[in-house]
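What follows is a single structure, written as structure tokens, with notes after it.
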Amino acid sequence: MITEMAHAGATGAGEFTLAAIARMLLVLGTAAVAGGALVRPLAGPPSPVARRIGWAAAAVAALACLTSVGDGTAMPIAMAQVAFTLVIASLPTIENLSRWSVFGGAALAAVIAWEAVADAGGAVVWVGFAHVAALAVWLGTATATATAADRREVAARTSVLSTVAAAVVLVSALALAVLNGLGLDERMVRTSYGWAITIETVLVVAGTAAQFQTEKLAKYQAIGLAVAIAAWASLAALPAPDPLPTPGTPLLREVNLAGSATPVLVTPGLPGKNIVHVGGEHAGQISVAVNGSSPVHAKAEPGAAGGWAVLTLPAGRSTVTLSYQTQQASVRADAGFSQRTIAGSVGPDAAECASAALGTLMTGRNLPLAACPTNQLSSTDADSLRSMVTFLASRHVPAITIVADTSVRAAAASSLVRSAAAALQLPVAPEKPGNLPGALVVVSGWSPAAQKLRVTGTGKAGSTAYTAGVWLAPWLLEAPVLSMNAGSILPLRFNPHESLPERYATALAHGFNTDFPTTAGYLSWLAAGGQPGKTGTDTDPTQLYAAAPVAFLPAEFDMHMAGQALGWLPNGTVVPISGPLAGPAKS
């Protein structure tokens, strides 16, 4: 029941809805009824004040319970809990039945404790169960003492039980903090969740101190414990604080802007210029700023999804603020104090570098960014390109035209393709408008590739069409690039729709659901331990794959593919069109 209310009350923005308030009242009222019934055999018959408190708590719990019907709880379940709560509340007031109240109170405390933590997992469930149940018992002893005619006598009778309950509350609170990764840090005062934890902790510690003067301080102890229970119950409506940022590493967070989940990536996470990549439905309308500086609008980049902005992070911790219309959300960053820089992490190749960083983060590991993919041509990509050129030569393609850029990888790839083509007597032709016999071989980064493919084969003035098609380097397996052309061919060492690439794509969909899987991201995911025992694709053979959006597929493909989101190329297909290519002689 409380699970449904927690889901209804959690807005992601820390707002208290009716369901969140009802949850607080349900936990508090039920805990008061359970605690009062449980301690009654020790405390003796309830005073008139204790009776009124018990019935008031039962009424509050019953009303709060009934509000849960609209939040997914079945009416019979809600009515059963209301009836059970009212029965337990009446037991201490009936002389012949009061001795049974301890069992009823214990059962009700167990019910409310279990409902309060049922949505958690692992050890948190059992530690949280003990925490809530002990709070209910402790509240019961404090209330019984505060409302008794003879406080000294009742305090003496319940001292052992209240001391044990206080100890359990303190130990379980510490254990929950450890299990949830919380500590005495800035999150305790910078987030609403942290403030709720702080309030509960302070009141629990104060209540523990009051144990030494229970007779005099029982009234204040009971009030403090009631507020502590309410603070704890409010946590379900508050967004849990993010972990502290790891200094000098890429940062991945999700914030709420205008009711929309907005993923944000800051990379490389070092002092100096950094890329801030935002996703979500408002990505193109978001501005970002650091430590209150002038905001920078996140813009679209050719060949990449989402919004992109460049911010300068200071050394150490800082606050990155995202703004959409009149709403703002912030994340804490920590650039550390390293003086190193990462070539390619900012500039035309930043999107691919960010995708590589994101792939590592999808393994659950937060590692420093070592290098960007454009900083070198890997041996596996070099071999795949040689195999592709060999295949083109074997098909007697009349010529190839190469598109590269100024990055280290593109320059090396262009040189390699030229050397391999020369060794195979395959001419390399310059670019020019019109219909050219031969193939276009693109070895540039994402942005130049997307811009080139947008005007290739369109038939418009100044565009160029190639009779042997468009052939892309392996690192250009990325949906915004592929969607720019009617169809492209890539030499790949993995099938995007096999289990491992799909596992990476699924992880990405959960971690940054508006980005697309990429070769760079997948290889980083493997290297960081996404699949134990497999750190790359070096030993896998190269095959040729055809990639085409649905709009360009034949009718028989369109009937089967339309409307499907395949991850790697939504509403399109990437399929093998050759067997393993022969390993070429290296030029």
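The values are calculated or read from the model by the stated rules, or taken from the named source; none is laboratory data. Remember, predicted model here, so these are calculated numbers, not experimental data. All Cβ positions, glycine included, derive from the backbone under ideal geometry; neighbour counts span all protein chains shown. Calculation scope for accessible area: heavy atoms of the full protein, side chains included, ligands and nucleic acids excluded. Shrake-Rupley method; radii C 1.70, N 1.55, O 1.52, S 1.80 Å.
Annotation: residue 366 fulfils all but one of (1) open to solvent by less than 40 Å² (accessible area, probe 1.4 Å); (2) in a loop (DSSP other than H, G, I, E, B); the unmet one is (1).
Restricting to segment 317-326, give me the number of residues that are free of Cβ contacts under 8 Å to residues at least 60 places away in the same chain and part of a loop (DSSP other than H, G, I, E, B). Count: 1. Flag set for residue 377, criterion: in a loop (DSSP other than H, G, I, E, B), under 28 Å from residue 525 (Cβ atoms) and open to solvent by 10 Å² or more (accessible area, probe 1.4 Å).
Taken together, 68, 98 contain a single residue that is closer than 22 Å to residue 133 by Cα, touching a Pro at 6+ places or on another chain (Cβ under 9 Å) and at pLDDT below 85, which is 98. Kindly evaluate residue 547 against the criterion of being among the small types (Gly, Ala, Ser), at pLDDT 90 or above, buried (at least 21 other Cβ atoms within 10 Å of the Cβ) and farther than 29 Å from residue 254 by Cα. Criteria met by residue 547.
Quick test for you: out of 34, 106, 83, 59, pick the one residue that is open to solvent by 20 Å² or more (accessible area, probe 1.4 Å), touching a Gly at 6+ places or on another chain (Cβ under 9 Å), modelled with pLDDT of 75 or more and among the small types (Gly, Ala, Ser). Show your work before the answer.
On the way: 34 fails: open to solvent by 20 Å² or more (accessible area, probe 1.4 Å); 106 fails: touching a Gly at 6+ places or on another chain (Cβ under 9 Å); 83 fails: touching a Gly at 6+ places or on another chain (Cβ under 9 Å).
That would be 59, the only listed residue that is open to solvent by 20 Å² or more (accessible area, probe 1.4 Å), touching a Gly at 6+ places or on another chain (Cβ under 9 Å), modelled with pLDDT of 75 or more and among the small types (Gly, Ala, Ser).
Of all the listed residues (276, 320, 290, 331), the sole one being in contact with a Phe, Trp or Tyr (Cβ under 8 Å, 6 or more places away or on another chain), among the hydrophobic types (A, V, I, L, M, F, W, C) and surrounded by 15 or more Cβ atoms within 10 Å (Cβ to Cβ) is 276.
Contact map, segment 152-172: first residue of a type in the set (D, E, K, R), second residue assigned to a helix (DSSP H, G or I), Cβ cut-off under 6 Å, separation 6 or more or different chains; pairs are 152/215; 157/42.
Looking at segment 379-409, which of its residues are aliphatic (A, V, I, L, M) and either free of Cβ contacts under 8 Å to residues at least 12 places away in the same chain or within 20 Å of residue 544 (Cα to Cα) (or both)? Within segment 379-409, 382, 385, 388, 389, 392, 393, 397, 399, 400, 402, 403 qualify.
Where strands (runs of 3 or more DSSP E) fall wholly inside segment 201-310, the ranges with 2 or more residues that are among the β-branched types (Val, Ile, Thr) are 260-267, 272-278, 287-290. For segment 195-217, the condition holds for at least one residue, the condition being that it is under 22 Å from residue 126 (Cα atoms), among the polar types (S, T, N, Q) and crowded, with 17+ Cβ neighbours inside 10 Å. Among residues of segment 260-279 being of a type in the set (Gly, Ala, Ser) and within 15 Å of the chain's Cα centre (by Cα), the one that is modelled with the lowest pLDDT is 260. Selection over segment 242-261 of residues that are more than 30 Å from residue 339 (Cβ to Cβ) and either open to solvent by 20 Å² or more (accessible area, probe 1.4 Å) or free of Cβ contacts under 8 Å to residues at least 40 places away in the same chain (or both) gives a count of 6.
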